[in-house]
Amino acid sequence: MEIDVRNRFAFLGGSSGNWLVTSMQSVRGEQLAAISHIDVRKADAPMATSSAWRIDGLISNLRYATRTELTALRSKQESLGRSHARIASMIPIKKSAAWWDLAQDERRAIFEDTSKHTAIGMRYLPAIARQLYHSRDLGEKFDFVTWFEYGRTDQQAFDDLVGLLRATREWEFVEREVDIRLELQP
């Protein structure tokens with residue numbers, strides 16, 4: 001499989017970057033090395049030498065979404081980089097081997113039919129913009145990097161969103177998750 005580098009991004013955790021880390025906690029599994037900033041760059045851009053860690057991710061198709069769900073998401077979803085959305089959350093996630101041993105239709109059934117992942121997320125659009133980056137196919141230590149941006153007044157809504165998702169059956173398959181809260185630097 002050839003990877004389009006225009007859709008590949010690097011998340012660099014270190015002592016410099018546009019995003020200031022306001023909190024960082026392991027929700028499940030091993031913590032990442034402590035950092036003060038995150039820089040998000042195209043993966044082929046020059047890398048900072050001050051990075052403690054790097055996670056690459058690829059913007060790809062939404063693998064469990066139906067046409068109806070895609071249409072609904074695209075009609076409500078706003079893009080990243082909105083001027084008022086100066087708060088972000090980066091949540092890298094690794095799912096268990098048991099998850100990946102399931103067939104795609106079995107994962108879809110847990111993801112949406114049982115856990116209602118898309119339906120839950122739709123409740124928080126357009127206030128919370130999001131982007132999913134696939135990392136598993138790149139051989140990274142996480143399967144996904146989830147990136148969310150929102151305004152300061154939407155922080156409680158974001159906490160509610162992740163609380164609902166973490167209470168689903170899908171999250172029984174998460175073996176590592178780190179919740180990193182960020183603020184955009186001027």
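Quick look at the values:
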read-out: Residue within the stretch 64-71 that is out of contact with any Ser or Thr (no Cβ under 7 Å at 6 or more places or on another chain) and either closer than 23 Å to residue 28 by Cβ or buried (at least 17 other Cβ atoms within 10 Å of the Cβ) (or both) present; value: yes
read-out: Helices (runs of 4 or more DSSP H) lying entirely in the stretch 39-116 (those with 2 or more residues that are modelled with pLDDT under 95); value: 67-76, 104-108
read-out: Filtered residues of the stretch 4-62 (kept if among the aromatic types (Phe, Trp, Tyr) and touching an Asp or Glu at 6+ places or on another chain (Cβ under 9 Å)); value: 9, 11, 19
read-out: Looking only at the stretch 6-41, and only at residues there that are of a type in the set (Ser, Thr, Tyr) and closer than 16 Å to residue 87 by Cβ, the one that is surrounded by the most Cβ atoms within 10 Å (Cβ to Cβ); value: 22
read-out: The stretch 150-185: number of residues that are of a type in the set (D, E, K, R) and out of contact with any Ser or Thr (no Cβ under 6 Å at 6 or more places or on another chain); value: 9
read-out: Lone unmet requirement of (1) closer than 19 Å to residue 61 by Cβ; (2) assigned to a strand (DSSP E or B) for residue 182; value: (1)
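The values are calculated or read from the model by the stated rules, or taken from the named source; none is laboratory data. Computed from a predicted model, the values in this text were never measured in an experiment. We place every Cβ from the backbone using ideal geometry, glycine too, and count neighbours over all the protein chains shown.
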